[in-house]
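S.K.: Take this structure, written in structure tokens, and hold onto it; I'll ask about it next.
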DNA sequence: ATATTTGCAAAGCCTTTGCAGGGGA
DNA sequence: TCCCCTGCAAAGGCTTTGCAAATAT
């Protein structure tokens, strides 16, 4: 579940609307991260950028990902099986299934897994997500 | 939701039953981690051990935690807000609520949050847990 | 002209590893 | 005795930071 792919112009507008200067590096990263990427970590973003952009440093990739998280265009995920941050361009409520063997992450829609809270009112829930672990056949 | 506190003898037996040599350091760590600890990270385990045990190295703490995870006495958790591993001595199905402001983790029982999966059969779910984020008042 | 961003390298955490010394079976 | 465990220090992986040069407004 991703944003449909955006043109360069559209990415520029998205960034500007969030108060982010649309530099060439940031646009390049966004092209991948907001469109084609599927739960990438920083290495994957860097690898894609190295192939599709003249020059970008790892520091700039980190910097850009952090900015995108700050303005809410993407979210950071962390799962027990890895200490690397993983990024998700789907910022609405949904869940994740991780294949034990391959570590591949599958997005699971809210329709597919239903969560009913009976928590007392002193827990003000702002967001939630289910992590499912198992085998995908 | 924790194991009720165990005597040294009981911890020794637990470790032996898992094929782990009950050394003094391991017993000390277990006293904290299997009983009193509430979602500790390694630093907290080390700090506790420094106060309650003559001498233990950070490497041994890491080593012991990894062993406890391997034999299933505890589980590793990771949450988006921190890159540190967090350990949970409750190994049965339950959920977690994180207070946005304090980062305190609350255990949520399966009774309090119900999960219903409508996933197709090619997702073989072995375990699952819900992460809730918000404010605790 | 001014402020922001980039790239590089260094530094900072968290965690693992190598190895010599020590202790338990 | 032999093997495993511990502690220390070094190394490794991920991420952030400092700063000078380059770029954008």
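S.K.: From zero up to wherever the largest Cα-Cα distance of the protein assembly as shown sits, split into 5 Å bins and tell me the percent of pairs in each.
M.R.: Pairs per bin, as whole percents: 1, 5, 11, 13, 15, 14, 13, 11, 8, 5, 2, 1, 0, 0.
S.K.: Further question: Would you please classify the overall shape of the range A:60-137 from the alpha carbon gyration tensor, given that a ≥ b ≥ c denote the square roots of the eigenvalues, rounded means a/c under 1.5, and beyond that prolate means a/b larger than b/c while oblate covers the rest?
M.R.: Since a/c reaches 1.5 but b/c is at least a/b, the shape of the range A:60-137 is classed as oblate.
S.K.: Just to be sure I understand the curve: with the Debye formula and one point per C-alpha of chain B, what is log10 I(q)/I(0) at q = 0.16 Å⁻¹?
M.R.: Relative scattering, expressed as log10 I(q)/I(0), comes to -0.89.
S.K.: What does the structure give for B:74-81 when I average, per residue, the other chain Cβ atoms found within 10 Å of the residue Cβ?
M.R.: 4
S.K.: List the relative contact order of the range B:21-112 as a percent without decimals, with contacts defined as Cα pairs under 8 Å and 6+ residues apart.
M.R.: 23
S.K.: Computed over the Cα atoms, what is the radius of gyration of the range B:1-62 divided by 2.2 N^0.38 Å, N being its residue count?
M.R.: In units of the 2.2 N^0.38 Å rule of thumb, it is 1.05.
S.K.: Let me ask another. Kindly work out what percent of the DSSP beta bridges joining two residues of chain B are antiparallel, to the nearest 5.
M.R.: Restricted to chain B, the bridges split so that about 65 percent are antiparallel.
S.K.: Partner chain Cβ atoms within 10 Å, averaged over the residues of B:32-45 - can you pull that number for me?
M.R.: 0
S.K.: While we're looking at this one, here's another question. Taking 7 Å along the Cα-to-C-beta vector as the label spot, tell me the residue A:137-residue A:111 distance in nanometres, rounded to one decimal.
M.R.: 2.4
S.K.: Return one number: the angle in degrees, 0 to 90 and rounded to the nearest 10, between the long axis of the Cα atoms of helix B:58-70 and the longest principal axis of the Cα atoms of chain B.
M.R.: 50
S.K.: Something else: Give me a single rounded figure for A:109-118: the average over its residues of other chain Cβ atoms within 10 Å of their Cβ.
M.R.: 5
S.K.: Tell me, how many Å apart are the Cα centres for the range B:1-57 and for the range B:103-137?
M.R.: 28
S.K.: Taking chain A as the reference, fit the longest principal axis to its C-alpha atoms, fit the long axis of helix A:8-17 to the helix C-alpha atoms, and give the angle between the two in degrees, 0 to 90, nearest 10.
M.R.: It works out to around 70 degrees.
S.K.: How far is residue A:119 from the same spot in each other copy, in nm, shortest first, if each label point sits 7 Å from Cα toward Cβ?
M.R.: 2.2
S.K.: Can you list the residues of the range A:78-102 with backbone N under 19 Å from a point 7 Å past the Cα of residue B:42, pointing along Cα to Cβ?
M.R.: Within reach of a label on residue B:42, which here means backbone N under 19 Å from a point 7 Å along Cα→Cβ, the range A:78-102 contributes A:78-85.
Read-outs: derived from the displayed coordinates by stated rules, not from any lab. On a predicted model such as this, the values are computed, not experimentally measured, just so you know. Glycine gets a Cβ as well: all are built from the backbone with ideal geometry, and neighbour counts include every protein chain shown.
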